[in-house]
Amino acid sequence: MTHVAFVGVGTMAAPMVHRFLDGSGWRLHLVDTVADRTAPFRDHAQVSVHEQLTSLPQDIDFVLLCLPNAEALRTVASEIASRRCLGNTVVVNLSTVGRQALTEAADALTHAGYGCLDAPVSGGAEGARTGSLTIMASGDPTTIEQCSSVFDVIAGKVIVVGNQPGQAQAIKVANNVLSLGALVATAEATAITRKAGIPLDTALEALNASSGRNTATAVKFPRHVLTGRFDFGFPTSGALKDVSLFLELAAELGVEAPLSSAVQAIWHTAAEQGFGQQDCTRIVSFYEARAGLSEGQPV
């Protein structure tokens, strides 16, 4: 029986938990400060819910971190590292937290005897539900191989980007600034084409058959905007956090990033104007208001 702990059971982690429960040979241990997130799993025979990290068994095989930000990672890593590893436990960070915080956490965990892997994921809540996430991994090759059985449950593809923890964070925030930049650009472009009298579905058909096609035109808009659901599963505040992490990395490396700075400014303004806790696809509503278009199902 392989023991896997999830620290953080939010939008991304909960469907991952279900995937482990659909198979045999796994024992799940769940920790989250919000009791409602672990409540659906409390009566499952394969699950133990823990109120705090210190109650996790010390002989656990894998600890998967699904945390909201760098500060949460620092806190959790420090708490885990306060108990020296007594076995072969590997701590796997699946979150987007930035290179600096991840490197600090990896140093603390490694010093305490834990294996540590930087493995942020891409693919959203849908990818977590279907087990088709992309994992960008960096760390010791032996540790990466050790995690293969876990990755097989949640991911369709694992890309090893380097052997140093933190390198996967670099590629993940680069990915996110491209994805979130495309979402902003698509919202801006289609607000203007709507203002010119072109229905959104028609604009998307044209863009997706042309060189403007991107993840927003091909996936986010058809599934989460045209449907009126706005339920991609990632808040505007998260978008702002991830773009800001990319700019922190650029500053750390001494590189200017003017385009990303402009993308950050848009997400910052949207958050300030009340969209912070709303789904990131609500950036369409932000642009509707700026263009004087009616809110709701695009015409």
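Tabulated data
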| quantity | calculated |
| --- | --- |
| R0 of 35 Å, Cβ-Cβ distance T2-A174: FRET efficiency to nearest 0.05 | 0.60 |
| Protection-proxy order for peptides 7-18, 150-161, each taking the mean of Cβ atoms within 10 Å per residue, highest first | 7-18, 150-161 |
| Gained length - E51 relative to S78, 0.36 nm times residue gap less alpha-carbon distance | 8.0 nm |
| Phi-based couplings in Hz for the range 211-219 (Karplus 6.51, -1.76, 1.60; Gly and Pro marked x) | 6, x, 4, 7, 5, 6, 5, 8, 10 |
| T134-A185 pseudo-label distance in nm [points 7 Å out on the Cα-to-Cβ vector] | 1.6 |
| For the range 3-98: rounded, prolate or oblate by the Cα gyration tensor [a/c cutoff 1.5] | oblate |
| Fraction of beta bridges assigned by DSSP in the range 1-162 that are antiparallel (%, nearest 5) | 10 |
| Most to least packed among 91-97, 170-176, 22-28, 269-275 [average Cβ atoms within 10 Å] | 91-97, 170-176, 269-275, 22-28 |
| Angstrom value of the Kirkwood radius, inverse mean 1/r, which spans all Cα pairs in the range 168-289 | 14.7 |
| Helix 99-111 vs. the chain, principal-axis angle (Cα, 0 to 90°, nearest 10) | 10 |
| Heavy-atom surface of the range 168-289, accessible at 1.4 Å and reported per residue (Å²) | 46 |
| Calculated SAXS-style log₁₀ I(q)/I(0) at q = 0.06, 0.07, 0.09, 0.10 Å⁻¹ - the chain, Debye, Cα scatterers | -0.21, -0.29, -0.47, -0.57 |
| Ranked packing of 209-222, 177-190, 240-253, most packed first, by mean Cβ within 10 Å | 177-190, 240-253, 209-222 |
| Debye log10 I(q)/I(0) at q = 0.15, 0.17, 0.19 Å⁻¹ for the range 1-162, Cα point scatterers | -0.74, -0.98, -1.28 |
| In degrees, nearest ten, helix 236-252 long axis to first principal axis of the chain (Cα) | 80 |
| Residue-count net charge about A185 - beta-carbon cut-off 13 Å; Lys, Arg +1, Asp, Glu -1 | +1 |
| Full-stretch length increase - L253, S211 - with 0.36 nm per residue and alpha-carbon distance subtracted | 12.0 nm |
| The range 103-156: C-alpha gyration tensor shape, a/c 1.5 cut-off, then a/b vs b/c | prolate |
| Helix 167-195 axis, angle to the chain major axis (alpha carbon atoms, nearest 10°) | 20 |
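The values are calculated or read from the model by the stated rules, or taken from the named source; none is laboratory data. Just so you know, these numbers come straight off a predicted model, no measurement behind them. Methodologically, a virtual Cβ is constructed for each residue, glycine included, from the backbone with ideal geometry; neighbour enumeration extends over all protein chains shown. Side chains are part of the model used for accessible areas, which takes the heavy atoms of the whole protein and leaves out ligands, DNA and RNA. Shrake-Rupley method; radii C 1.70, N 1.55, O 1.52, S 1.80 Å.
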